[in-house]
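Asker: Shown below is the structure under consideration.
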Amino acid sequence: MRSSASMKRTRASGSKSPKDGNQRPLTRAEVMARVRGKDTTPELAVRSALHRAGLRFRLHQKDLPGKPDIVLPSRRVALFVHGCFWHQHPGCPRARRPSSREEYWNRKLDRNMERDVENQEALKLKGWHIVTLWECDIKNPENLENAVKYISGLPASKRLNKRLPPDQPLDIPLSSSSSTEEVPSKAMERNSGHSDS
């Protein structure tokens, strides 16, 4: 008799059906049903690296547009850990769109990208730095370390952490080049298809 932990591991790996024990390929619906929105492996890796660097953060802050995956209030950083497929990482082979039900997938993925832009614009208007880390870049420990160093280098200010009424604009001018950043990585330098917008 299998333990429940063993069955969970089997279900997570997708190698066997837990009911009959026969090997069979997973359907697309089963694969997509297993995709999580929070606490993904790349997100946990970033959180662990930030914690090791002594940076404190909040998770999925609901009062910010787009509920950023990680928020560093003292540095006014909204960090998004994007999956290459779901957010269509430019130039990444993982961002290839499915060939079946093209109309459905194109509409869904295009809307994800539009929503990302809308949320980033809303955060910029509130004076937040936006940092986007891509799933494929996080797999390289050097890229993750560079990202943490970059975030650590952003100024921490008690004044920036002060809560303001929603209709009051920030009195701190942020240049357009410092309000939105995509952390440079070796993978991005190799791929000329990546853009900053």
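Asker: Could you sort His87, His51 by accessible area so the largest value comes first, with the probe set to 1.4 Å?
Answerer: His51, His87
Asker: Can you list the residues of segment 105-144 with backbone N under 17 Å from a point 7 Å past the Cα of Ala53, pointing along Cα to Cβ?
Answerer: Only 129-144 fall inside the zone, counting backbone N under 17 Å.
Asker: If amide hydrogens are placed 1.01 Å from N in the peptide plane, which non-local residues have theirs closer than 5 Å to the one on Lys139?
Answerer: none
Asker: Here's another thing I want to ask about it. How large is the accessible surface per residue of segment 54-160, computed with a 1.4 Å probe and reported in Å² as a whole number?
Answerer: Here the residues of segment 54-160 average 53 Å² of exposed surface.
Asker: Check each of the trypsin sites (Lys or Arg not before Pro) in segment 57-90 and keep only those in coil by DSSP with at most 12 other C-beta atoms within 10 angstrom; list them in order.
Answerer: Listed in order of number, the matching sites are Lys62.
The values are calculated or read from the model by the stated rules, or taken from the named source; none is laboratory data. Since this is a predicted model, take the numbers as computed values, not measurements. Heads up, the Cβs are rebuilt from the backbone with ideal geometry, glycines too, and the neighbour counts pull from every protein chain shown. The protein model used for the area step is the full one, side chains on, heavy atoms only, and it has no ligands, DNA or RNA in it. Shrake-Rupley method; radii C 1.70, N 1.55, O 1.52, S 1.80 Å.
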